[in-house]
Amino acid sequence: MLLAASSAAQSGFNPTLLLLLAIMVVFIIFSMRNNKKRKKQAEEMKQKMVPGTKVMTQFGLYGTIVSIAENKTVLEVSPGTTVTVHSQAVTTVVEPAAPAAPAEPAAAPAPESSDEAAPAPAASAEEAAPATDTPETPSSEDAPAEPEYGKQSKD
């Protein structure tokens, strides 16, 4: 009786196997898609890397490409200083930063009469100080003296 039950389970439809196969197919499709994207990005970067382009290497060295030959890229890291690195070490093309638009100063309206053009009288120092609800901090005279470097404090 056990033998008959096990043979019926083996010959029947197994949805777990179908689900496993579907997951594998999706995984393979996404892998191929990501591989195509990576190849496209590498090709675009290779086209951008011409002498005179500012780049950053894998280890954070910034420079300007002087020449590219086979697997070697010569970078100028400072005027007159060149470094030869493997072409795969150049990972990022540094795009020039877009210049920030200068903020236009707000135009002050012109006074209509001479009365408005006169400056207001200056307030006293006590009136000009902002009012705060916080207590004043203790002065350096009230605070305990800090021990000098290398000396112990007496607590």
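The values are calculated or read from the model by the stated rules, or taken from the named source; none is laboratory data. None of the values given here were measured: they were computed from a predicted structure. Note that we place each Cβ from the backbone using ideal geometry, even for glycine, and neighbour counts take in every protein chain shown. For accessibility, only protein heavy atoms count, side chains too; no ligands or nucleic acids. Shrake-Rupley method; radii C 1.70, N 1.55, O 1.52, S 1.80 Å.
Table for the structure above
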| quantity | calculated |
| --- | --- |
| Neighbourhood net charge (14 Å Cβ-Cβ; Lys/Arg +1, Asp/Glu -1) for THR73 | +2 |
| FRET efficiency estimate (nearest 0.05) - Cβ-Cβ, VAL93 to LEU20, R0 41 angstrom | 0.45 |
| Accessible surface of the stretch 34-102 [probe 1.4 Å, protein heavy atoms]: carbon and sulfur percent | 55 |
| Extension gain from GLN41 to THR64, taking 0.36 nm per residue of separation minus the Cα-Cα distance | 6.2 nm |
| Separation in nanometres of the label points that stand 7 Å from Cα toward Cβ, at LYS72 and SER31 | 3.7 |
| Listed peptides 73-81, 21-29 by packing density, highest first (mean Cβ within 10 Å) | 73-81, 21-29 |
| 3J(HN,Hα) from dihedral phi, the stretch 20-27, Karplus parametrisation 6.51/-1.76/1.60, rounded to Hz, x for glycine, proline | 4, 5, 5, 5, 5, 5, 4, 4 |
